[in-house]
Amino acid sequence: MSDVPSFDSRRGRGRTLLARNADLLVTMDAARREIRGGGLYIEDNRIVAVGASDALPDSADEIVDLSGHVVIPGLVNTHHHMYQSLTRVLPAAQDAELFGWLTALYGVWAHLTPEMISVSTLTAMAELLMSGCTTSSDHLYIYPNGCRLDDSIEAAGRIGMRFHATRGSMSIGQSQGGLPPDAVVEREDAILADTRRLIETYHDDGRYAMLRVGVAPCSPFSVSRALMRESAALARSYGVRLHTHLAENVNDVAYSREKFGMTPAEYAQDTGWVGDDVWHAHCVQLDAAGIDMFARTGTGVAHCPCSNMRLASGIAPVRRMRDAGVPVGLGVDGSASNDGAQMVGEMRQALLLQRVGFGPDALSARDALEIATLGGARVLGRDDIGALAPGMAADFAAFDLRGLAFAGARHDPLAALVFCASERAAWTVVNGRVVVRNGHLETIDLGAIVERHNALSRQLVEAA
Ligand SMILES: [Zn+2]
């Protein structure tokens with residue numbers, strides 16, 4: 001079964017890529033087809049045909065033989081703080097819960113520079129791309145020393161990742177009862193003006209967009225109620241998406257009750273932060289009323305299992321959310337609370353953690369892949385990524401099953417990917433461009449970036 005178009009009917013035929021002979025091609029299409037010996041035919045940045053390899057065209061500008069590989073739609077990461085890659089395993093923050101962890105780190109992050117944003121974004125994106133992730137959001141909410149969201153955006157363009165950059169913010173410092181030190185918060189009028197500038201400069205709402213901008217106050221405990229409301233109004237005036245952290249742990253819930261007299265979900269509703277254009281990170285402590293309300297309104301969740309375990313935040317009720325109809329995507333979260341921020345490992349931990357909380361059938365390998373592909377696409381408001389089908393963006397990843405990591409697991413290649421969780425993609429293609437080829441990142445000099453990243457990490461920690 002395949003969908004082969006009539007090639008004669010199209011003019012201006014662009015560069016073509018044929019990927020074929022995959023052991024298994026997992027489409028995540030409407031019929032959830034999994035095709036043995038499957039392949040893809042790509043023209044420019046979009047998929048033209050998907051099916052059995054012998055039903056596809058037999059020539060193309062580039063042909064990739066994927067014998068021995070499992071092919072999946074490019075993974076979609078819905079929550080990250082890429083700058084935190086500079087502060088992995090900082091001793092003072094290794095063994096703390098959320099508020100203590102943040103308090104240990106804010107003073108270090110106060111010394112970030114524009115180059116640090118740029119290099120850490122390249123590092124984090126390299127890790128994602130090399131683990132089969134083709135689209136990522138990032139939540140940058142701290143802007144000291146001239147740092148700008150533009151620094152991340154430029155890095156994404158350089159490395160070739162599909163990017164949802166979000167303009168984060170913090171405006172309530174310790175002197176006003178917030179958690180962050182006053183030195184790292186911004187004025188609210190400046191936040192809103194810069195957010196407008198970024199949307200007007202960069203946001204692309206077209207199909208196959210490589211860059212979108214979202215509006216993302218950091219959390220209810222670091223911005224005012226007024227900024228939550230104004231951010232939501234600003235985002236909606238431009239038709240861009242809204243993102244923040246919500247109900248991450250019990251202290252977060254206690255803060256909400258004490259400061260606002262509401263649960264986090266009630267506060268989100270009160271400030272305009274529900275709807276199908278909103279996604280909240282974590283929601284570990286989202287209560288039953290909150291789950292119902294999120295389902296009713298189409299409000300999305302970025303589930304970040306490694307971070308939730310690292311900070312002992314708890315087990316997000318993902319199974320219950322999905323059963324209720326809440327859109328759920330997967331997120332690695334920042335590398336200071338998930339020191340190995342790559343998406344295949346995150347799928348595995350999502351599966352394992354739901355089972356710890358809710359039993360052995362709480363999440364299957366196919367559920368985990370769905371959250372990491374279609375779930376992420378929905379949470380980011382996209383219908384052009386997350387599945388391999390004609391008309392979708394040409395974003396896919398292939399993993400070589402012939403090595404040690406999958407030895408003895410070849411009966412079910414899709415489940416092998418999630419359960420065995422070897423993170424190294426052999427091929428990652430983004431928007432029709434080969435970014436990872438035979439396990440090698442093509443777009444940047446990775447060795448030089450890692451070396452610079454380590455030097456900047458040292459400089460950052462020593463400055464604090
Ligand atoms: Zn986060």
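The values are calculated or read from the model by the stated rules, or taken from the named source; none is laboratory data. Note that the structure is a prediction, hence the values are computed from the model and not measured. Cβ atoms come from the backbone with ideal geometry, glycine included; neighbour counts cover every protein chain shown. Heavy atoms of the whole protein, side chains included, go into the accessibility calculation; ligands, DNA and RNA do not. Shrake-Rupley method; radii C 1.70, N 1.55, O 1.52, S 1.80 Å.
Give all pairs with beta carbons closer than 8 Å in which a residue from the range 400-418 that is free of Cβ contacts under 8 Å to residues at least 12 places away in the same chain meets a residue that is open to solvent by 10 Å² or more (accessible area, probe 1.4 Å); count only pairs at least 6 apart in sequence or on separate chains.
Ala409/Ala415; Ala409/Phe419; Ala409/Cys420
Has the range 181-204 got any residue that is at pLDDT 95 or above, open to solvent by less than 10 Å² (accessible area, probe 1.4 Å) and closer than 19 Å to Leu105 by Cβ?
No, every residue in the range 181-204 fails to be at pLDDT 95 or above, open to solvent by less than 10 Å² (accessible area, probe 1.4 Å) and closer than 19 Å to Leu105 by Cβ.
Among the residues of the range 362-391 satisfying the criterion of being over 18 Å from the mean Cα position of the chain (by Cα) and either surrounded by 24 or more Cβ atoms within 10 Å (Cβ to Cβ) or of a type in the set (Phe, Trp, Tyr) (or both), which is nearest to Met28 (Cα to Cα)?
Leu388
Can you pull out every residue in the range 303-339 that is part of a helix (DSSP H, G or I), small (Gly, Ala, Ser) and within 11 Å of the ligand (Cβ to nearest atom)?
Within the range 303-339, Ser307 is the sole residue that qualifies.
Checking Pro264 against (1) modelled with pLDDT under 95; (2) over 22 Å from the mean Cα position of the chain (by Cα); (3) within 16 Å of the ligand (Cβ to nearest atom); (4) not hydroxyl-bearing (Ser, Thr, Tyr), which test does it fail?
(1)
Looking at Tyr83, Tyr106, can you tell me which residue is surrounded by fewer than 22 Cβ atoms within 10 Å (Cβ to Cβ) and either out of contact with any Gly (no Cβ under 7 Å at 6 or more places or on another chain) or β-branched (Val, Ile, Thr) (or both)?
None of the other options fit; the residue is Tyr106.
What's the number of the only condition in (1) assigned to a helix (DSSP H, G or I); (2) within 21 Å of Leu66 (Cα to Cα) that Gly408 fails to meet?
In the conditions (1) assigned to a helix (DSSP H, G or I); (2) within 21 Å of Leu66 (Cα to Cα), Gly408 misses (1) alone.
Which pairs do you get when a residue that is without any contact (Cβ under 8 Å) to a residue 60 or more places away in the chain, found in the range 236-262, comes within reach of a residue that is part of a loop (DSSP other than H, G, I, E, B) and β-branched (Val, Ile, Thr), reach meaning Cβ atoms under 8 angstrom, with the pair 6+ apart or on two chains?
Once the first residue is without any contact (Cβ under 8 Å) to a residue 60 or more places away in the chain and sits in the range 236-262, its partners that are part of a loop (DSSP other than H, G, I, E, B) and β-branched (Val, Ile, Thr) give Ala247/Thr263; Ala247/Val284; Val253/Thr263; Ser256/Thr263; Arg257/Thr263.
Has the range 133-144 got at least one residue that is touching a residue at least 60 places away in the same chain (Cβ under 8 Å) and open to solvent by 10 Å² or more (accessible area, probe 1.4 Å)?
No, there is no match, as no residue in the range 133-144 is touching a residue at least 60 places away in the same chain (Cβ under 8 Å) and open to solvent by 10 Å² or more (accessible area, probe 1.4 Å).
Filter the range 228-261 for residues that are of a type outside the set (Ser, Thr, Tyr) and not in a helix (DSSP H, G or I) and give the result.
Those that are of a type outside the set (Ser, Thr, Tyr) and not in a helix (DSSP H, G or I): Gly239, Val240, Arg241, Leu242, His243, His245, Leu246, Ala247, Glu248, Asn249, Gly261.
Does Val70 satisfy being within 30 Å of Ser422 (Cα to Cα), more than 16 Å from the ligand (Cβ to nearest atom), touching a helix residue (DSSP H, G or I) at 6+ places or on another chain (Cβ under 7 Å) and of a type in the set (Val, Ile, Thr)?
Spelling it out, Val70 is indeed within 30 Å of Ser422 (Cα to Cα), more than 16 Å from the ligand (Cβ to nearest atom), touching a helix residue (DSSP H, G or I) at 6+ places or on another chain (Cβ under 7 Å) and of a type in the set (Val, Ile, Thr).
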